[in-house]
Amino acid sequence: MRRDTLAIHGGVKNDSETGATVVGITQSTAFEYKTAKELSDVFAGRAPGFIYTRIANPTTYALEQRLAQMEGGVGCIATSSGMGAISAAVMGLLRSGENIVAGAGIFGGTVSLFEKTLGRFGVETKWVPSDDSSQIEAAIDEKTKLVFIETIGNPKMDVADIEAIAKITKAKNIPLMVDSTVTTPALIQPGKFGADIVIHSTSKYINGHGTAMGGAIVDTGNYNWKDGKFDDIAKLAKRAGQFAFLAKLRNLVYRDIGVCPAPMNSFLMLQGLETLGARMDIHCNNALRVAEFLSGQQDVGNVRYPGLATHENNDMTKKYFDGKGGGLLTFELADREKAFAFIDGLKLAKTAANLGDAKTLVIHPASTIYQEFSDQQRARVGVTDGLIRVSVGIEDVEDIIEDFTGPSPE
Ligand SMILES: *Cc1c(COP(=O)(O)O)cnc(C)c1O
């Protein structure tokens, strides 16, 4: 099955009991067994079965199967949020005293998790521009256990050369984790280019309507856990093979930190997936039109959209996303005052801290997501005082452009 067919039919068998054509919401915390022995066998992994929704749930399992297929991966664990996915995946790999090499233009929440929260537990992060593979290579040392990048940096809007980075991490036997939230499996399957683990915040385009939080960890099957740098997972790999990392997460880290999604939310993600391909096409077409329009505006500077021929990574956009630049773009006005006035003048676009919604959303990153960052940290991710980020929705693009034309803030 191809992309758009998998998004609708992937991983799910019809409900043979009722004939329902939609995966049911199994709103049950626990699962009953006839005998104590049966439940004991499931706990020990000697028999398959669901135990408790914090570990696994039938609705969530259906979502995991579909996402794994769409990514061409060996398996998936769905989480309560994108941050939950990154937390569980990273905590499943790193120990105190070890470090992560991460792209410098990535999502503010991930920067905070790595620097502030994981930093408290002795995990260090080295920041390097993700579109400069040689700097990534130079930053890796004997204590590096993970390289973390985003497909398109949010908010920096830079595009990483995944294949080149994967060559480096493979040579050093370090897993490459790629956050594909802003591209989704509709635009790229990072595993095809050598990524080992794919991360999604499903709260964004996969949900698509701003109605539920969620995340996902996909193991692409590229990393050889048996001969990897992680003793505990290598030991497990003797029994679990390429499922070792996901087994380690499900039976330990994911279970212990409690980042399971609500079954209702998994249902909403399954529904969102059905229209993902069609929506992403519209997001990309609309964003390109808006980027072109903004580029022609007098007071607007530095329109950053990877789908524009003028973007410095446009060759990467062609190579990895078939030329489609996604639904996000940024641009700069003279200063914070001008940016605020512009945002306040919008009638259609909503001022909100989200992306990937059907609705067009705008935000002033410096005063919101990056509020608590130092000037130096903001500069590293390319967030200036006049910067505005737009998540271009799937409304009629003429209406979006009309909204952006609006009365001048002067
Ligand atoms: C939103 C986002 C996250 C975090 O996801 P949540 O679901 O909000 O926890 C991670 N990475 C990227 C690129 C994001 O845009």
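The values are calculated or read from the model by the stated rules, or taken from the named source; none is laboratory data. The structure presented is a predicted model; accordingly, all values stated were derived computationally and were not measured. Here the Cβ is made from the backbone with ideal geometry for all residues, glycine too, and neighbour counts use every protein chain on show.
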- Message: Condition first: over 22 Å from the mean Cα position of the chain (by Cα) and of a type in the set (S, T, N, Q). Now tell me which residues in the range 299-322 satisfy that.
- Response: 302, 310
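A quick yes/no check of all residues on (1) among the small types (Gly, Ala, Ser); (2) within 18 Å of residue 206 (Cα to Cα); (3) modelled with pLDDT under 95:
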position	(1), (2), (3)
55	no, no, no
65	no, yes, no
83	no, yes, no
86	no, yes, no
99	no, no, no
119	yes, no, no
126	no, no, no
136	no, no, no
- Item | The lone exception for residue 148 - which of (1) within 12 Å of the ligand (Cβ to nearest atom); (2) over 20 Å from residue 321 (Cβ atoms); (3) aromatic (Phe, Trp, Tyr) it fails | (2)
- Within the range 185-223, residues more than 19 Å from residue 61 (Cα to Cα) and within 16 Å of the ligand (Cβ to nearest atom) come out as 186, 187, 188, 190, 195, 204, 205, 208, 209, 210, 211
- Options 90, 22, 42, 12; residue that is more than 29 Å from residue 125 (Cα to Cα), of a type outside the set (S, T, N, Q) and part of a helix (DSSP H, G or I): 42
- Note on the structure: Scanning the range 91-118 residue by residue, those touching a strand residue (DSSP E or B) at 6+ places or on another chain (Cβ under 9 Å) and more than 22 Å from residue 159 (Cα to Cα) turn out to be 92, 93, 94, 95, 97, 98, 99, 115, 118
- Pick from the range 151-184 the residues that are on the phi > 0 side of the Ramachandran plot and within 12 Å of the ligand (Cβ to nearest atom): which of them is surrounded by the most Cβ atoms within 10 Å (Cβ to Cβ)? 184
- Query: Can you name the residue in the range 323-349 that is of a type outside the set (Val, Ile, Thr) and within 22 Å of the chain's Cα centre (by Cα) and is also surrounded by the fewest Cβ atoms within 10 Å (Cβ to Cβ) among such residues?
  - Reply: 323
- Query: If only one of 386, 382 is over 20 Å from residue 204 (Cα atoms), at pLDDT below 95 and either out of contact with any His (no Cβ under 7 Å at 6 or more places or on another chain) or surrounded by 22 or more Cβ atoms within 10 Å (Cβ to Cβ) (or both), which one is it?
  - Reply: 382
- Item | The lone exception for residue 58 - which of (1) within 16 Å of the ligand (Cβ to nearest atom); (2) more than 23 Å from residue 379 (Cβ to Cβ); (3) surrounded by fewer than 21 Cβ atoms within 10 Å (Cβ to Cβ) it fails | (1)
- Residues (among the small types (Gly, Ala, Ser), in a helix (DSSP H, G or I) and closer than 30 Å to residue 94 by Cβ) located in the range 247-303: 247, 266
- Task: Quickly run through the range 1-34 and pick out the residues that are surrounded by fewer than 11 Cβ atoms within 10 Å (Cβ to Cβ), polar (S, T, N, Q) and within 16 Å of residue 62 (Cα to Cα).
- Result: 5, 16, 21
- Note on the structure: Output for Cβ contacts, cut-off 7 Å, separation at least six or different chains, first residue among the aromatic types (Phe, Trp, Tyr) in the range 267-282, second in a helix (DSSP H, G or I) and buried (at least 18 other Cβ atoms within 10 Å of the Cβ), reads 267/59
